[in-house]
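Asker: Quick one: the structure is below, and I'll ask about it shortly.
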Amino acid sequence: MAETSKPSKSATWLHKGKPMKASKKFVITSDKTEHKLEIKDITLTDAGDYTFKASETEESTVSLTVAGKH
């Protein structure tokens, strides 16, 4: 989840630097200042950096590590 100080209509999520689109796998929701990305049925290929970009000057990045089953 990412939170902005003001509602943002141009907010986007990026995975490994590429814009993401909502789908059955990637559920993207926004409610005023709260912006959420939910990943369904996570796999090893979902690992990597996820960036929430609210504007040209506001962004936050988190790195997701996915471990395989042993």
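The values are calculated or read from the model by the stated rules, or taken from the named source; none is laboratory data. Given the structure is predicted, the values throughout are model-derived calculations rather than measurements. Reconstructed Cβ throughout: ideal geometry from the backbone, glycine too, with neighbour counts over all protein chains shown. All accessible areas refer to the heavy atoms of the entire protein, side chains included, with ligands and DNA or RNA removed. Shrake-Rupley method; radii C 1.70, N 1.55, O 1.52, S 1.80 Å.
Asker: Quick one: count up the residues across the stretch 1-57 that are over 24 Å from G68 (Cα atoms) and either in contact with a Gly (Cβ under 7 Å, 6 or more places away or on another chain) or small (G, A, S) (or both).
Answerer: 9
Asker: Could you list, in sequence order, the residues of the stretch 44-60 that are open to solvent by less than 80 Å² (accessible area, probe 1.4 Å) and polar (S, T, N, Q)?
Answerer: Passing the criteria: T51, S55, S60.
Asker: I'd like the full set of residues that are of a type in the set (A, V, I, L, M) and either closer than 22 Å to K9 by Cα or open to solvent by 80 Å² or more (accessible area, probe 1.4 Å) (or both), limited to the stretch 61-70.
Answerer: V62, A67
Asker: Do you know which residues across the stretch 11-43 are surrounded by 10 or more Cβ atoms within 10 Å (Cβ to Cβ) and outside any strand (DSSP E or B)?
Answerer: A11, K16, M20, A22, K25, K32, T33, K40, I42, T43
Asker: I'm trying to understand the selection: among the residues of the stretch 44-70, which are among the small types (G, A, S) and assigned to a strand (DSSP E or B)?
Answerer: Matches in the stretch 44-70: G48, S60, S63.
Asker: Within the set of pairs 6+ apart or on separate chains, which have a first residue in the stretch 44-55 that is closer than 12 Å to P19 by Cβ, a second that is open to solvent by less than 20 Å² (accessible area, probe 1.4 Å), and C-beta atoms under 8 Å apart?
Answerer: Hits for this filter: F52/A2; F52/H35.
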